[in-house]
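*Asks:* This is the structure, below, for whatever I ask next.
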Amino acid sequence: MPSSDIKILAIESSCDETSAAVAVNGKILNNIIATQSVHENYGGVVPELASRAHQQNIVPVVDQSLKNAAISKDELSAIAFTRGPGLMGALLVGTSFAKSMALALDIPLIEVNHMQAHILAHFIDDPKPSFPFLCLTVSGGHTQIVLVEDYLKMKVVGETQDDAVGEAFDKSAKMLGLGYPGGPMVDKLAQQGNPDRFKFPETEMPGLSYSFSGIKTGVLYFLRDELKKNEHFIKENMNDLCASIQKTLVQMLLQKLRKAAKQYNIKEIAVAGGVSANSGLRSSLKELAEKENWKVYIPAFEYCTDNAGMIAMAAHYKYLQKEFVDQSVSALPRMKF
Ligand code: KG4
Ligand code: ZN
């Protein structure tokens, strides 16, 4: 490859996945992900354990990514890393590693906003959305509607004021006695259930804001009351409970997305983040898209959940703009964009 090629190594360590990826001229050559299973025993991500696991995983994951891309460190044009948002101890591992590597190789360092990267994951494969588009980013930590005007020009137009939708899935699953993360389990069981069997209160929020903490409490009180009458209530109604909770959450997501699409008069709609795997969300979105004449884009699952491929993609656009940072940069757990 000629030396003018842009070769970027990207590192992601914001939560519980240690990941490294190599991009050459904006093409993602690989996306190595080490998932931390240690958290399963605790019913949620334990920050201290996440940080320790990142420290153990980062060297082998980066080595594997470079080896897989058949690229030596000396050929790299830049090192990119997730600066935030995320868990401080987890972010620090990737940030320090990237800084040391860039310093040792004397090449530029690129900071990436994790939420911006979730959106830019749409440019890894075809078909790609055209600007301007709206992106619904739904994960365990975030629920946002973002107006995307260009690769690096985006603004949050709506977001949750409390829990993320993935959290609402996971906490509901926990109350039903399902494992962690519960979202995929709720999705699976919901497919056998009746979504109209139970009604849960949807919190009305102004504008394009979301709130998912009310439904969590609603489910809790509902289950508590029903279990008093019948101790086997959950077991006997599991599928219908999952289907009804899922329907409520999906309805809440799509109602605001529809409002945003009308408000901004946009028909290019993208979805990103782990919850975009949800089959109920996908089918309701498809129905709504037909009605509203939307074009909908969802990246391959490997690029929906946390991964360094999306960090590399975002870094490529930043490299083109020469948006580099120096060694004084530090992790930003509450990073905004
Ligand atoms: O984006 P992600 O992998 O990690 C971050 O939180 O950044 O998202 C994880 C979230 C978890 O809450 C998980 O339960 C949820 O995505 N999730 C799902 C499904 N697959 C993953 N929620 C509902 N249905 C699914 N099929
Ligand atoms: Zn994420």
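The values are calculated or read from the model by the stated rules, or taken from the named source; none is laboratory data. Please read all numbers here as calculations on a predicted model, not as lab measurements. Here the Cβ is made from the backbone with ideal geometry for all residues, glycine too, and neighbour counts use every protein chain on show. Accessible surface areas use protein heavy atoms only, side chains included; no ligands, DNA or RNA. Shrake-Rupley method; radii C 1.70, N 1.55, O 1.52, S 1.80 Å.
*Asks:* At 10 °C and 1.306 mPa s, what whole-number value in µm²/s does Stokes-Einstein give for the translational diffusion of region 52-172, with Rh from the Kirkwood sum over Cα pairs?
*Replies:* Rounded, D is 96 µm²/s.
*Asks:* I'd like to know how region 210-291 sits against the 2.2 N^0.38 Å rule of thumb: what's its Cα Rg over that expected value?
*Replies:* Relative to the rule-of-thumb radius for its length, region 210-291 sits at 1.35.
*Asks:* How much of the DSSP bridge set in the chain is antiparallel, in percent, rounded to the nearest 5?
*Replies:* 60
*Asks:* Quick check on packing: order 16-23, 111-118, 90-97 by the mean number of other C-beta atoms within 10 Å, highest mean leading.
*Replies:* Listed from highest to lowest mean packing, they are 16-23, 111-118, 90-97.
*Asks:* Got a number for carbon plus sulfur as a percent of the chain's accessible area, 1.4 Å probe?
*Replies:* Of all accessible area on the chain, carbon and sulfur atoms account for 50 percent.
*Asks:* Another one. Accessible area per residue, 1.4 Å probe, Å², for region 24-77: what's the number?
*Replies:* Value for region 24-77: 55 Å² per residue.
*Asks:* Going by average Cβ neighbours within 10 Å, how do the peptides 36-44, 213-221 rank, with the highest at the top?
*Replies:* 213-221, 36-44
*Asks:* List the equivalent ellipsoid semi-axes of region 1-67 in whole Å, largest first, each obtained as the square root of 5λ for an eigenvalue λ of the Cα gyration tensor.
*Replies:* Calculated on Cα positions only, the semi-axes equal 29, 10, 8 Å.
*Asks:* A follow-up question, please. For region 99-242, how big is the tail of P(r) above 18 Å, as a whole percent of Cα pairs?
*Replies:* Result for the distance tail: 67 percent.
*Asks:* Averaged across orientations, what area in nm² does the convex hull of the alpha carbons in the chain project?
*Replies:* Average projection, Cα convex hull of the chain: 17.0 nm².
*Asks:* Here's a follow-up. Could you list the square roots of 5 times each eigenvalue of the Cα gyration tensor of region 1-116, that is, the equivalent ellipsoid semi-axes, sorted largest first and rounded to whole Å?
*Replies:* 26, 14, 12
*Asks:* Applying a 10 Å radius around every beta-carbon, put 134-143, 157-166 in order of their mean neighbour count, most first.
*Replies:* 134-143, 157-166
*Asks:* Using a ≥ b ≥ c from the Cα gyration tensor of region 130-185 (square roots of the eigenvalues), is it rounded, prolate or oblate, where a/c under 1.5 gives rounded and otherwise the larger of a/b and b/c decides, a/b for prolate?
*Replies:* Taking the square roots of the gyration eigenvalues as a ≥ b ≥ c, region 130-185 is prolate.
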